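What follows is a set of notes on a single structure, which appears directly below.
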Amino acid sequence: MNVKQARPFANATHFDELMFDFSNLLEFSHHHCVAICAALVPANVLTTLCAIVLVGLKRPALQVWQVSGVGSVFALSMMLHVLTWFIVGVVMLPTFVLLLLGTSCLSINLWTILHPGSMQKLLVHLSRRMYVLRASTASLL
């Protein structure tokens, strides 16, 4: 076995040569911001809503975990995209709204994975309240 094959970074003289260059990733994120947000916002909302519906329908845990896992990846991607804007100093309302959306979706997805029983109880409680509200407003008509 050749020494160069065993140690691929043996000729690196500076630590900087071993590090990943994030400037290209930041540049991509900034140049394609509208497209990234146009894809991630609906993906976050839909996958999180699907996870809530699956928990409400008492589907198998594997299905809930799959949907919640995909939703968590979308939420983390959005949060990292927003953080790239914070790195360059862009602090505006849309960045905070997107960060809040990503954080909320990630929290709900983690809730569906870690404690679906409490979410089921909440959904049952909300459905009963909606039924009572609908019945009371129907009597007013």
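Of all residues in region 107-121, how many are within 12 Å of Ser72 (Cβ to Cβ) and open to solvent by less than 30 Å² (accessible area, probe 1.4 Å)?
Number of matching residues: 2.
Does at least one position in region 15-33 carry a residue that is at pLDDT 90 or above, within 19 Å of the chain's Cα centre (by Cα) and either charged (D, E, K, R) or not in a loop (DSSP other than H, G, I, E, B) (or both)?
So far as region 15-33 goes, yes, one or more of its residues are at pLDDT 90 or above, within 19 Å of the chain's Cα centre (by Cα) and either charged (D, E, K, R) or not in a loop (DSSP other than H, G, I, E, B) (or both).
May I ask you to list the residues in region 46-82 that are closer than 27 Å to Phe28 by Cα and among the aromatic types (Phe, Trp, Tyr)?
Phe74, the sole residue that qualifies.
Within region 55-110, track down each residue that is outside any helix (DSSP H, G or I) and free of Cβ contacts under 8 Å to residues at least 24 places away in the same chain.
Passing the criteria: Leu57, Arg59, Pro60, Gly89, Val90, Val91, Met92.
Only one residue in Ala43, Ala38 is at pLDDT 95 or above, part of a helix (DSSP H, G or I) and over 30 Å from Leu126 (Cα atoms), so which one is that?
The conditions single out Ala38.
The values are calculated or read from the model by the stated rules, or taken from the named source; none is laboratory data. The model shown is predicted, which means the values in this text are computed figures rather than measured ones. Positions of Cβ are backbone-derived with ideal geometry, glycine not excepted, and every protein chain shown enters the neighbour counts. Only protein heavy atoms, including side chains, enter the accessible area calculation; ligands, DNA and RNA are left aside. Shrake-Rupley method; radii C 1.70, N 1.55, O 1.52, S 1.80 Å.
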